[in-house]
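A.B. asks: Pasting in a structure now, in structure tokens, and then I'll have a few things to ask.
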Amino acid sequence: MSGLEAVFFAKPASYRRAPVHRVTSAKRSETRDRRLTQLITDSAASRTVPPLTRR
């Protein structure tokens with residue numbers, strides 16, 4: 001398992017479901033690509049995805 005996977009799978013299951021749904025529910029491929037890139041970038045930096053971040 002890579003470091004990125006370890007960071008992602010260390011999150012609670014409820015967090016993991018939300019960004020995956022956010023990526024896969026996008027209708028346009030450009031939106032899916034952008035959301036996936038954001039998820040990967042934020043996970044690599046140990047951050048939550050901004051729309052799912054508590055304020």
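A.B. asks: State to the nearest 20 debye the size of the charge dipole of the range 3-46 about its Cα centre, where the only charges are +1 on K and R beta carbons and -1 on D and E beta carbons.
C.D. replies: 260
A.B. asks: Further question on the same structure: Only counting other Cβ atoms within 10 Å, I'd like 11, 27 sorted with the fewest neighbours first.
C.D. replies: Taking fewest neighbouring Cβ atoms as first place, the list is 27, 11.
A.B. asks: Here's a follow-up. Roughly what would the spin-label model give for residue 4 and residue 24, points 7 Å off Cα along C-beta, in nm?
C.D. replies: 1.9
A.B. asks: Now, a different point. Once you place label points 7 Å from the Cα toward the Cβ at residue 16 and residue 45, how far apart are they in nm?
C.D. replies: About 2.3 nm, to one decimal.
A.B. asks: While we're on this one: Considering only 51, 12, 37, whose Cα is most displaced toward the positive end of the charge dipole of the chain, charges sitting on Cβ of Lys, Arg (+1) and Asp, Glu (-1)?
C.D. replies: It is 51.
A.B. asks: Let me ask something additional. In square nanometres, what is one fourth of the surface area of the convex hull spanned by the alpha carbons of the chain?
C.D. replies: About 3.9 nm², averaged over all directions.
The numbers here are math on the coordinates, done by the rules we state, and not lab data. Keep in mind that this is a model prediction, so the values were computed, not measured. Don't worry about glycine lacking a Cβ; one is built from the backbone with ideal geometry, like all the others, and counts go over all protein chains shown.
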